[in-house]
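> Please read through the structure below; I'll follow up with questions.
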Amino acid sequence: MSSSLHRRRATCLVLAAAAALLPVTACSGGNGNASSVTSTASSAPSPAAQITMKNFAFDPATITVKPSQKVTVVNKDAVAHTVTATEGKAFDTGNIDGGKSGTFTAPSKSGSYRFVCTYHSNMKGTLIVR
């Protein structure tokens with residue numbers, strides 16, 4: 001099995017498991033009234049961190065992850081992109097060809113890390129590690 005297919009299957013399994021854990025509704029304490037539980041977006045680290053590059057932009061442009069967490073990067077454009085930290089050598093995916101994906105490991109130190117595509121300087125984002 002190719003490593004790309006293996007990564008896609010692993011990502012799908014992680015996402016399916018995470019979705020199964022999300023509460024949708026809950027029952028009240030037996031009085032027959034059901035109450036819905038609202039799930040809200042938070043800036044908490046994602047269990048399966050992913051950045052998508054599409055239309056020459058990062059989505060999401062700001063992502064929060066845990067220290068040393070693996071981040072999957074998917075390039076949906078037809079041209080190559082990178083995810084490269086702007087300061088130091090905190091992380092760099094290297095070249096990710098159009099239609100391909102790659103990964104990098106988030107820094108182990110908490111903080112805010114700006115990143116760009118080295119080929120397209122208008123593509124900017126922020127990785128928050130906490």
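The values are calculated or read from the model by the stated rules, or taken from the named source; none is laboratory data. All values derive from a computational prediction rather than experimental measurement. Cβ: placed from backbone, ideal geometry, glycine included. Neighbour counts: every protein chain shown.
> Report yes if some residue within segment 76-84 is within 16 Å of I51 (Cα to Cα) and in contact (Cβ under 8 Å) with a residue 60 or more places away in the chain; otherwise report no.
Scanning segment 76-84, I find no residue that is within 16 Å of I51 (Cα to Cα) and in contact (Cβ under 8 Å) with a residue 60 or more places away in the chain, so the answer is no.
> Of all residues in segment 56-74, which are part of a loop (DSSP other than H, G, I, E, B) and hydroxyl-bearing (S, T, Y)?
First, the residues of segment 56-74 that are part of a loop (DSSP other than H, G, I, E, B): 56, 60-61, 66-69.
S68, the sole residue that qualifies.
> Among the listed residues S35, S43, identify the single one that is modelled with pLDDT under 95, over 21 Å from G99 (Cβ atoms) and not in a loop (DSSP other than H, G, I, E, B).
S35
> Would you check if T118 is within 15 Å of the chain's Cα centre (by Cα) and either assigned by TED's automatic domain parsing to the domain that holds A57 or under 13 Å from M53 (Cβ atoms) (or both)?
no
> Follow-up question, since we're still on this one. Could you look through segment 97-130, keep only residues that are over 13 Å from F56 (Cα atoms) and aliphatic (A, V, I, L, M), and pick out the one that is surrounded by the fewest Cβ atoms within 10 Å (Cβ to Cβ)?
Ranking the candidates gives I128 first.
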